[in-house]
Amino acid sequence: MSTSSNPSSAPTQGRRKVTTKTLLAKKQRGEMITMLTAYDYPTALAEDQAGIDVILVGDSLGMVVLGYQNTLPVTMDEMLHHCRAVARGARTALLIGDMPFMSYQVSIEEAVRNAGRFLQEGGMEAVKLEGGRERIEAVRAITGAGIPVMGHLGLTPQSVNMLGGFKPQGKTAAAAQLLLEDSLSLEQAGCFSLVLESVPAKVAQVISTRLSIPTIGIGAGIGCDGQVLVTHDLLGLFERFTPKFVKKYADFHGEMRRAFTAFIDDIQARSFPGAEHSVEIDETEWREFIAAVGH
Ligand code: KIV
């Protein structure tokens, strides 16, 4: 681990801080918005230095980092712990905290208070929550408190039990119309952007055209205003399953196994640590020591 310089400053120098207004301007100019999830300091640092627009501390961390079967067990405290680490790594990306299951559904007061915790305790700049018409009051109240809200429609993982599994949404004319209505309602309620997950590309394209706020697609085709992936899927780090819409850019799981196996082999063969990894003692000090204690 190098401690010789501050690696977070140089590569992001000159990049302007991304805000919700930056995203809107990008949509208006027809430029694509990039978003990835991060749950820790080194990943946030690398994504920020690569020039990502938005970092989402997604509740997907429950599955890809904490090993839960779905996102439902994730708590506010778990989310805030990871948000703080991400906030320490990122300089310019817009930081969004994902409101976990039951942090915004019980009452509007709780929704506002928990959204506020993401900013006050987690170092985030906006929150994301799932749902359509049933979330309008919460979105109004949270934005009314000065906290930007990103919506999330289509496959909403916190409703996995209502949806009957992790299935694509909006595949009938009626369902697609409901999605469009919900999107417009969320925009009217004050959302600054909207994630569309696992919906037909043509439907996502229509929604993206009808909305003035940017849509961010995941499994929603090329017609959205931006794209997001779960970073552990993109890196090949989550082995349990890979959704159809994921493009794997690396095989980090395989690379980790290779490195761990090589370490075990080195230890067993006594080929690590070598002289270059060891601390030396001055010859005079060594002789004095041996003279004192013997071999
Ligand atoms: O939790 C998450 O990572 C998400 C993304 C899939 C958008 O909600």
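The values are calculated or read from the model by the stated rules, or taken from the named source; none is laboratory data. Since the structure is predicted, the reported quantities are computational estimates derived from the model, not experimental observations. With ideal geometry, Cβ positions are generated from the backbone for all residues, glycine too; neighbour counts draw on all protein chains shown. Note: areas computed on protein heavy atoms with side chains; ligands, DNA, RNA excluded. Shrake-Rupley method; radii C 1.70, N 1.55, O 1.52, S 1.80 Å.
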Next on the checklist: So if each residue of separation counts as 0.36 nm, and I subtract the Cα-Cα distance between I108 and H295, what length gain in nm does that give?
Outcome noted: 60.0 nm
Checklist entry - Which value does Rg/Rh take for the chain over its C-alpha atoms, Rh per Kirkwood? => result 1.11
Item to check | Nearest-ten-degree value, helix 252-268 long axis tilted from longest Cα axis of the chain | outcome: 20
Checklist entry - D225: net charge of surrounding residues, Cβ under 15 Å, Lys/Arg +1, Asp/Glu -1, itself excluded? => result +1
Checklist entry - Once Lys and Arg get +1 and Asp and Glu get -1 on their Cβ, which of G254, G236, G221 lies farthest toward the positive end of the dipole of region 203-271? => result G221
Checklist outcome for this item: Counting only residues 5 or more apart in sequence or on a different chain, those whose built amide H sits under 5 Å from that of Y68 are M63
Checklist outcome for this item: Relative to the chain, whose Cα atoms define the longest principal axis, helix 76-89 and its Cα axis are tilted in degrees, nearest 10, by 70
Item to check | Carbon/sulfur fraction of accessible area - the chain, other protein chains in place, 1.4 Å, % | outcome: 56
Checklist entry - Going by a ≥ b ≥ c, the root eigenvalues of the Cα gyration tensor, does region 108-265 fall in the rounded group (a/c under 1.5), the prolate group (a/b larger than b/c) or the oblate group? => result oblate
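Determine by what factor the alpha-carbon radius of gyration of region 202-266 differs from 2.2 N^0.38 Å, reporting the quotient.
In units of the globular-protein estimate, region 202-266 measures up at 1.60.
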Checklist entry - Looking at the square roots a ≥ b ≥ c of the eigenvalues of the Cα gyration tensor of region 14-87, which shape do they give, rounded for a/c under 1.5, prolate if a/b is larger than b/c, or oblate? => result prolate
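Using R₀ = 41 Å, calculate the FRET efficiency as 1/(1 + (r/R₀)^6) where r is the Cβ-Cβ separation of E121 and A275; round to 0.05.
Efficiency, from the Cβ-Cβ distance: 0.30.
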Next on the checklist: Using Cα springs under 10 Å in a Gaussian network model of the chain, which residue among A201, A111, A250 shows the largest mean-square fluctuation?
Outcome noted: A250
Checklist entry - Stokes-Einstein at 10 °C, 1.306 mPa s, Kirkwood radius from Cα pairs: D for region 70-147 in µm² s⁻¹? => result 126
Checklist outcome for this item: Between N70 and R140, the two model label points (7 Å from Cα along the beta-carbon direction) sit apart by a distance in nm of 3.0
Checklist entry - Relative contact order for the chain: what is it in percent, counting Cα pairs under 8 Å that are at least 6 residues apart? => result 14
Item to check | Long-range tail of P(r) for region 125-203 (Cα pairs > 15 Å, %) | outcome: 53
Item to check | ³J(HN,Hα) computed for each position of region 43-55 - Karplus, 6.51 cos²θ - 1.76 cosθ + 1.60, integer Hz, glycine/proline x | outcome: 5, 4, 4, 5, 5, 5, 5, 6, x, 5, 6, 10, 10
Checklist entry - At L178 and S212, where each label point lies 7 Å from the Cα along Cα→Cβ, what is the point-to-point distance in nanometres? => result 2.9
Next on the checklist: Between I267 and E239, what is the label-point separation in nm under the 7 Å Cα-to-beta-carbon projection?
Outcome noted: 1.8
Item to check | Acute angle (nearest 10 degrees) that the helix 201-210 long axis makes with the longest principal axis of the chain, alpha-carbon atoms | outcome: 70
Checklist entry - Which Rg and Dmax, in Å, describe the Cα atoms of region 15-136? => result 14.4, 40
Checklist entry - Considering the chain as a Gaussian network with a 10 Å cut-off on Cα pairs, which listed residue, V65, V203, V149, attains the greatest mean-square fluctuation? => result V65
Checklist entry - Using 1/(1 + (r/R0)^6) with R0 = 30 angstrom and r between the beta carbons of R15 and A250, what's the FRET efficiency to the nearest 0.05? => result 0.80
Item to check | Å² per residue, accessible surface of the chain at 1.4 Å | outcome: 53
Checklist entry - Can you list the residues, at least 5 places off or on another chain, whose amide H is less than 5 Å from the amide H of T37, using H built in the peptide plane? => result L56, L229, T231
